[in-house]
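The values are calculated or read from the model by the stated rules, or taken from the named source; none is laboratory data. Just so you know, these numbers come straight off a predicted model, no measurement behind them. Cβ coordinates were reconstructed from backbone atoms using ideal geometry, including for glycine residues, and neighbour counts include every protein chain displayed.
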Amino acid sequence: MFTEPTLRLTEGDYLTILGHCYDGLPDEACGMLAGRLVHGTTVPDGRVEAVYPCANADASARTYTVDPKDLLRAMRDAEARGLEIVGVYHSHTHTEAWPSPTDVRQAVDPSWLYLIVSLKDGDPVLRAFRIQNGNIAEVAAVLES
C-alpha cells in the first residue's frame, strides 16, 4: 500500500513562499517546488529542496498560471542541481487553503505536491495536497529547521 509523502519544508523556504504570496497581493502568487523522487518512481520523496517564485501570468486574484519563462528557468535550475520539479505552490487570496475546482481541473501532474497558502483570514494557512484523477488527498506538511 502506498503512503503519501509528508511535505517537508525548511523555515527559510516557507518564509520565501509566504513573502512571495504577500508580495503578490491583491493577485494570487505562484511558484514551483523542486526536490527528489523516491528511487525508481515518479513520486516525490516530500522534501522540498528548492523554491522558485514565479510570476502569475494571469495577473488575477482568482486564478494563476505560472509564467512560462519562469517555469523554464525553474526546470533548468532544478535539472542543473540534480533535482526534479515535484510540485507547485500558489496562494488563495479570498478562499480557504483547499484546491478549488479550477485547481483540480488544472492539476498537471498526478505525482506532484500542490501547496496552497490561504491569506483569507490575516494569518496565513499552508496546506499540501496530491490531486489525482480529480481526487484530492491532503498531505501532511511540516517545517524543518
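Some points to look at:
- Selection count, region 1-42, where residues are within 23 Å of Pro68 (Cβ to Cβ) and modelled with pLDDT under 95: 1
- Tally, over region 88-145, of residues that are without any contact (Cβ under 8 Å) to a residue 60 or more places away in the chain, not in a loop (DSSP other than H, G, I, E, B) and not aromatic (Phe, Trp, Tyr): 15
- Some residue of region 83-92 being polar (S, T, N, Q) and touching a Ser or Thr at 6+ places or on another chain (Cβ under 7 Å): no
- Of Val66, Val86, Val104, all but one fail to be under 16 Å from Asp23 (Cα atoms) and of a type in the set (A, V, I, L, M, F, W, C); the exception is Val66.
- Unmet requirement for Leu119, which otherwise passes all of (1) farther than 18 Å from Val48 by Cβ; (2) out of contact with any Ser or Thr (no Cβ under 9 Å at 6 or more places or on another chain); (3) of a type in the set (A, V, I, L, M): (2)
- Test: residue in region 25-38 that is in a helix (DSSP H, G or I), more than 14 Å from the chain's Cα centre (by Cα), among the basic types (Lys, Arg) and surrounded by fewer than 19 Cβ atoms within 10 Å (Cβ to Cβ): no
- Pairing residues of region 43-60 that are over 12 Å from Ile85 (Cα atoms) and touching a residue at least 12 places away in the same chain (Cβ under 8 Å) with residues that are surrounded by fewer than 22 Cβ atoms within 10 Å (Cβ to Cβ) and acidic (Asp, Glu), at Cβ distances under 7 Å and at least 6 apart in sequence or on separate chains, gives Cys54/Asp67; Cys54/Asp70; Ala55/Asp67; Ala55/Asp70; Asn56/Asp27; Ala59/Asp27; Ser60/Asp27.
- Only listed residue being more than 16 Å from Arg127 (Cβ to Cβ), under 13 Å from the mean Cα position of the chain (by Cα) and among the aliphatic types (A, V, I, L, M), chosen from Ile17, Ile85: Ile85
- Taking the listed residues Val117, Val66, Val51, the one that is within 12 Å of the chain's Cα centre (by Cα), over 18 Å from Thr6 (Cβ atoms) and modelled with pLDDT of 95 or more is Val66, with no other qualifying.
- Residue in region 76-98 that is among the basic types (Lys, Arg) and in contact with a strand residue (DSSP E or B) (Cβ under 8 Å, 6 or more places away or on another chain) present: yes
- Considering region 112-145, the residues that are of a type in the set (Gly, Ala, Ser) and surrounded by 16 or more Cβ atoms within 10 Å (Cβ to Cβ) include one that is farthest from Glu84 (Cα to Cα), namely Ser118.
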